[in-house]
Structure formats: structure tokens, C-alpha cells
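In what follows, a structure is listed as C-alpha cells, so that the remarks can point back to it.
Please treat every number below as a calculation from the coordinates, not as lab data. As the structure is a prediction and not an experimental result, all values here were calculated from the model. All Cβ positions, glycine included, derive from the backbone under ideal geometry; neighbour counts span all protein chains shown.
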Amino acid sequence: MSVISTSELTTPGLGGGLRDLKQSSFLLKLLVRKELKVRYRGSVLGLLWSYVKPGVQFIVFYVALGIFLGLERSPKNPDGLANYAVYLFSGIVLINFFSEALGNAARSIVMNGNLIKKIYLPRELFPVASVWVSAVHFFPQLVVLVGGCVLAGWHPNPLQLLAAVAGFVIVALLATGLGLLFGSANVYFRDSENLVDMLLMIATWASPVMYAWSMVEQKLGTAAFAVYQANPITIGVELFHYAFWFPTTDGSAAMPPNLFSLWLPVGLVVAVVILLLGQYTFRRLEGRFAQEL
Amino acid sequence: MVTAIEVSDISKQFVLRHTRSLKEAVVWLAKGRKGDLSEKFHALKNVSVEIDAGETVALLGLNGSGKSTLLKHISGVMLPDTGTVKTRGRVAGLIEVGAGFHPDLSGRDNVFLNGAILGMTEQQINDKFDDIVEFSEIGQFIDTEVKFYSSGMYLRLAFSVAVHTDPEVFLIDEILAVGDEPFQRKCIDKIQELARDGKTLVVVSHDLDLVSRICDRGILMEHGNVKFDGPIHEAVSILRA
């Protein structure tokens, strides 16, 4: 009884936003584990699907773009990119992480509607758990990428490894922010998840995953290129190229100017701003989740 | 007495929106907002209720009178349009048992997941795990996926997790029809034990005989208003009249 009388009267249902996740870390862990267990239930290949899909995607792009469209450097095509396979794959793994994280986060609130309607819990858990799950799926792809890099003669320095971490953090923050934004909007308008699918398609092509950044600069000119560069995914992909692809080449390839001094901070700031915006929108909208779902 | 739940003058309007697509909303705007895109109705209207710690309260009323909506406001699932709701201590809902269960996980995984959803810590679940399994009478099936459970087993496990969450305030919505006769009796005994331990209980049920056994106070709701608030037997007799 003493517990009851010492505690304060509080208003139920007002969460502290993402800060609540610290207290709910155990639940977050269980939700992530549940997703991982449930995702490929009843399928023969199971978790292997997480590698088969990007693997096939990689082969298709490599053959079509690298060989047919001539992006790969070869004796007949000296203007192409050296080690195009590594270049391509290092971008693909990051884009895949982003696509999976955002796609699932945007659906997470509606998918868990049954629970949200009945029991109060910090609802940010669901989009954040989706991003975590994608990070778990990302990890083995990273291992494959590193394996490929080593075969191609990878010799990174610490700064380059740090670039990979920074690129991943930027993209993860961005996915969480957009996931909160579209996940909450999806409760009111189911168009939101289709919008996300479209955005993800654009995101794949609006970053130098398949092609080199220098091609964009030639066509766009400086001002428009700066806009292109400000996209956090572009910055993330370029950081990944710097970490994984660049150390496998002879070092003659040009990296985008000011990648560290300007674009890395820009990417971080944009991602954090979007995260705050997503959190703000989510909190504005979550009060009516229970009745709208 | 210490107040456990304080509901002051809350109103809640529901919007019965007919569309879930942006296109229809845009078309509606383009047509100069002709017609009503949505209908509104009051689910709760200026409801004030104060419940002291240790009270056992039944929310009574016909379907659609706002009982469950009031319960959802107390649990924090819904927020009122106007007015305030305050609670003291941890509130847990036995609201639709099994809402957090996943059919493809084993009983054991579900106990942990559901316990955490209901606000238990890892330590608390570990400590109470054996009690939960014993109470549910699931026995050796605890490591079987719950999709293979009979509906009775499913409810028993879910109820068992819920009663072991040990909050200060229990919200119970129409779940007393759990399992077979003996288990039902066991559940009711457990709920009465909680009441004796000084927990605050708020029960929504249509089983009037049952609630008059468990609760002391009855709040009768009608069309989103409190029609009567007093001893349970009077509330039941008004409802039956």
C-alpha cells in the first residue's frame, strides 16, 4: 500500500516519445526477436531468403549495367569503374537496409493495430523494432560484402572504416525518422505505404548506387549537384563506397569533394532533423491511433 | 482514502470516417466540401468518476453505452477530447486477453512477450514464470506453438499472464468467460484475491450476477453518460428494471 500512496497521480497515455524506449528496451528486444522468428516461418529457405534476394538483385544489375551498359572497367572499356561489382554491391546492401527498414516501419503501426487499440505501450517501439530487424538482416550481407572486398584486395584505413559506420548511422536515423512519419500517417491514410514504395524506388536511383557520382555532376552542373548531394542516402552510399570500394582500387578514382568536411555533417544534420520531424508528427497523431485503426 | 483513478469531466467524440484514401478526401475538398465525409457521435459526454485505491467497481450498461471507451481512457489507449484522466500507480488491463499473443511463437515466448507488453520487467517475468505456467495448467505444452493450442488453453495462458502482472489498478473487460467451469471459478477466485489484497479493480461485464459477487460499487452508463453511481445491488436492479 505504501507504494500506492507515495506515487503521484499521472495522466495515462502520454508517452515520452523515443525517450520511453530506454525503459522498454526489454520489450523492444522481444519484439525484434519475434519479427526475426516469424518473418520466414514455414519457408524452406528461411533466413536464406535475406541473401538470395539481394544476391539475385546484384547479379541482374551487374549483368545489365556493368556488362551490357558498360559501367564495368575492362580492356575494351577503360572509362568504366574499376571493381564495379564491389562498387555496386556496397551501395546495394545499404539501399536494401534502408528499403526494408522504411517499408516495414511504415506498415508497422497498422500491422500492430490490434495491440495498439487495446493496450497502451510506447508505440514508437514498432517502427524502431522494424529498423532493428532490418539491421539484423543487414549484418550478414555486410559480411558477404567484406568477403568480396577482401577478395578484391581490400586494405582500408581506420578513417575509411569510420566512414562505413557514419554512413550506416545516417541511413538508420533517416529510416527511423521517415518510418515514424509515414507509419503514423498510414493510420489515417493507407496511401502512405504506397507512397513509401514509390519513394523507395526513387531512392535507389537518386543515389549513386548503380552509376558514378561524377556522371551526375557532369549533367547537372554545380548547383543542382549540391541538391543531389544533400540527400542523406547519397551521402551514406558515398561513405560506403569510400569504406569498401575505394580501398580495393588503385586509389586513382575521384571521391566526391568535401565528403568529410561538408557532406557527412550535412547528412547527419538532415537525418536528425527528419528524425525530429518524424517524432513530432508521430506524437501529434498517436493520440488518435486507437480510434482510427 | 487515496484516489487511484480520477476522471474529470471527460468527453470523447468519435469520427466515423468513411474513407481511408487520400483520393476521396481530395475529391471531397474539390467538390467544395459537399456532403459530410464523416459523421460524429459522442461516445462519452462530461463523465466524471473518482475511484479510490482498493475499490472494486463494475461499469454496467447496455452495448454502446461507453463502458469500454471509458476503460480505454483509464488505460491510456485513448486520450479524451476534453477533460482529464489521472491514475496512480501502474495500471494494467486484462482487456481482451491474448491481444499480444502471436500464434507462431511458443507458449514460453508468448509469456515473455505478453508480460513485457503488459509492462513487466525481464526480472519480474523470470520470477513469476513458473507461477504463470502452473496457474494456466498448460504444463508440458508450454514449448508448443500457441497456434496448436485449443481456444481454452490459449485463453488460460493469456489470462494467467495478465493476472500475474501485479499492477495497482486492474482493468478487466469482459474476459471472465475464460475456459471451462473449474478454470472460470479459479479466475474469479484469483480476482477476488486481488481485491482482498487491496488492488483497485474496474470490471466491465454483462454478467450481472458475477459482478455483484466481485464488486461493491456499480457505475451505470447510458449513451455516454453516468446514469447511476452507487452500491452494486442498486445499480444492478436499475439496469434490470
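Farthest towards the positive end of the charge dipole of the stretch B:63-145, among the residues B:L70, B:T82, B:F141, is the Cα of B:T82, using unit charges on the Cβ of Lys, Arg, Asp and Glu.
Extending 7 Å from Cα along the Cβ direction at A:V169 and again at A:D191 yields two label points whose distance is 3.7 nm. Helix B:151-163 axis versus longest C-alpha principal axis of chain B: approximately 90°, rounded to the nearest ten.
Across every pair of non-identical alpha carbons in the stretch B:3-240, the mean reciprocal distance, once inverted, gives a Kirkwood radius of 19.4 Å. Dipole orientation for the protein assembly as shown: of the candidates A:F58, A:M215, A:L115, A:M215 has the Cα lying most toward the positive pole (charges on Cβ; Lys, Arg +1; Asp, Glu -1).
Computed from label points 7 Å out along Cα-Cβ, the spacing between A:A223 and A:K76 is 4.2 nm. Each residue of the stretch A:77-88 was assigned a 3J(HN,Hα) from its phi angle through the Karplus curve 6.51 cos²θ - 1.76 cosθ + 1.60 (θ = phi - 60°); the sequence is 10, x, 7, x, 8, 5, 6, 4, 4, 5, 4, 4 Hz, with glycine and proline shown as x. Mind checking the stretch A:48-147 for trypsin sites (Lys or Arg not before Pro) that DSSP puts in a loop (not H, G, I, E or B) and that have at most 10 other Cβ atoms within 10 Å? Sparse-neighbourhood loop trypsin sites (Lys or Arg not before Pro): A:K76. Calculated FRET efficiency, A:Q160 to B:R185, Cβ-Cβ distance, R0 = 60 Å: about 0.30 to the nearest 0.05. The stretch B:97-168 and the stretch A:157-233 have Cα centres spaced 41 Å apart.
For B:K147, which aspartates and glutamates qualify as cross-link partners when the Cα separation must be under 16 Å and same-chain residues fewer than eight apart are set aside? Cross-link targets: B:D104, B:D109. The mean sequence separation of alpha-carbon pairs under 8 Å and at least six residues apart, normalised by the residue count of chain A, gives a relative contact order of 25 percent. Here the stretch A:1-143 is treated with +1 on each Lys and Arg Cβ and -1 on each Asp and Glu Cβ, and its dipole about the Cα centre works out to around 460 debye. Given A:K117/B:K199; B:K67/B:K227; A:K117/B:K72; B:K12/B:K86; A:K117/B:K128, which pairs have Cα atoms separated by over 19 Å? Cα-Cα > 19 Å for A:K117/B:K199; A:K117/B:K128; rest within. Around the amide H of B:M78, modelled in the peptide plane, lie the amide H atoms of B:H73, all under 5 Å away and 5 or more residues distant in sequence or on another chain.
Think of chain A as a dipole: +1 on every Lys or Arg Cβ, -1 on every Asp or Glu Cβ, centred on the Cα centre; then among A:L88, A:V227, A:Y40, A:Y40 lies furthest on the positive end.
Please state the relative contact order of the stretch A:98-180 as a whole percent: Cα pairs under 8 Å, 6+ residues apart?
53 percent.
Mean-square fluctuation check for chain B, GNM, Cα pairs under 10 Å: which of B:L171, B:L220, B:L208 is largest? Maximum fluctuation in the GNM of chain B, among the listed residues, is at B:L208. Cβ-Cβ distance of B:Q192 and B:K147, R₀ of 45 Å, FRET efficiency by 1/(1 + (r/R0)^6): the value works out to about 0.85.
Sorting A:E100, A:E193, A:E238 by the number of Cβ atoms found within 10 Å of their own Cβ, with the fewest placed first, yields A:E193, A:E100, A:E238.
Using the Cβ-Cβ distance between B:I238 and B:V27 with R0 set to 45 Å, the FRET efficiency works out to roughly 0.40. Largest GNM mean-square fluctuation across A:I109, A:I59, A:I119, computed for chain A with C-alpha springs under 10 Å, falls on A:I119.
Overall size of the protein assembly as shown from C-alpha positions, given as principal axis extents largest first: 94, 63, 41 Å. Between B:E222 and B:Q124, the modelled label-to-label distance comes to 3.9 nm, taking each label 7 Å out from Cα in the direction of the beta carbon.
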